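The values are calculated or read from the model by the stated rules, or taken from the named source; none is laboratory data. Predicted model, so just to flag it, every value in this text is computed and none were measured. Don't worry about glycine lacking a Cβ; one is built from the backbone with ideal geometry, like all the others, and counts go over all protein chains shown. Heavy atoms of the whole protein, side chains included, go into the accessibility calculation; ligands, DNA and RNA do not. Shrake-Rupley method; radii C 1.70, N 1.55, O 1.52, S 1.80 Å.
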Amino acid sequence: MKKLLILALGAVAVVACKQQGPKTEELMMAQQADSLNRIIQQKDNEINDMMATFNEIEEGFRVINAAQDRVTLAKDGEGANRTERIRDNIAQIQQTMQHNRELINKLKSQLRQSSVKGDALRKTIENLVQQMEEKDKEINQLRLDLKSRDIRLAELGNEVADLTVETSQQKAEISQKTETISAQDKALNTAWFVFGTKKELKEQHIIENGKVLQSNFNREYFTKIDIRVDKEIKLYSRSAKLLTAHPASSYVLERDANKQYVLRITNPQLFWSTSKYLVILVS
C-alpha cells in the first residue's frame, strides 16, 4: 500500500516537473518523496503506539480472566488461607480493571489526535468498551456469588485493616482487664505468716514492748502464701501460740507423729478475715 502511494505521487511529480527541466524535475521528485516518507513514518508511529496500547489492554484482560479463575477455585476449595487468596485476587481484578479503563481512554485520545482515520479502529475501541462492560457484569456476579457463600471479603483492604486494629485493641483491653482482675484476685488471696521464738520475733521488731505488729517490723521475714492453696503450716515445735487474732472456729492446732504442732486452717476466708498477717510464737 505504501509503495503504490509513493509511485502514484511520484508519477504526478514527474508530469508536473518535465516542463521545468531535468534538474528541477529531480529536485521536486526528491522533495515530494521525502515528504511522503515522513507522512508514512508518522502514520507508522501512530499505529505502533495504538497497537502497543491495544496489546496492553489485551494483557489486562488475560490477567483479569486468570484472577477470576483463581477466585472460582478458591471459593469452592478449603484451607485456612482461602479467604486471603480470594481477597488478594479480587484486589488484583479491581486494579487491572481500572488500569484497562484508563488505557481505553488513552486509546480513544490517540485515535482523535492521530492522522490515521478509519472505521476499523473505531470499531475495535467499541469492542473493547463492550468487553469492559461485560467484564464488570461478571465481576459483580462473582461478588454476589461470594456473598451468598458467606465468604467475607474486604475488597479495598481498609475494612480488614480497621477490623484488625479493632480486634487488636479489643484483645489488648481484654488482656489488660484480665491482668487487672488476676492481680486483684491474687492480692485478695495473698497472706503472710511467720513463726519463731520470742527472741527471734523481737529481733525482727514483730514483737515490740509486748505488742505484736505495732512497730516498723521486718516484712521480709514473713512467708507469702496463697490462702486458697496453703491451708496447712508445719511449725516444727511442741509449743505453739497464735499471737495475731484469728477466729478460733476457723483453725485447729494438731500434733503430728513427732508431737510437733501443725496449724490446719479449716475456713480460710474466715481465718484471714481479721488479718492477712499471721504470727505464731514457738519455743
Inside region 240-265, the number of residues satisfying the requirement of being among the β-branched types (Val, Ile, Thr) and touching a helix residue (DSSP H, G or I) at 6+ places or on another chain (Cβ under 6 Å) is 1
### Query
Scanning for something outside any helix (DSSP H, G or I), open to solvent by less than 100 Å² (accessible area, probe 1.4 Å), on the phi > 0 side of the Ramachandran plot and modelled with pLDDT under 90, does region 193-208 turn up at least one residue?
no
Considering region 153-192, residues that are modelled with pLDDT of 90 or more and in contact with a Leu (Cβ under 8 Å, 6 or more places away or on another chain), and then whichever is nearest to Arg238 (Cα to Cα), we arrive at Trp192
Lys106 being at pLDDT 80 or above and closer than 25 Å to Met50 by Cβ: yes
Quiz item: Can you find a residue in region 65-77 that is of a type in the set (Asp, Glu), modelled with pLDDT under 80, outside any helix (DSSP H, G or I) and open to solvent by 50 Å² or more (accessible area, probe 1.4 Å)?
Solution: yes
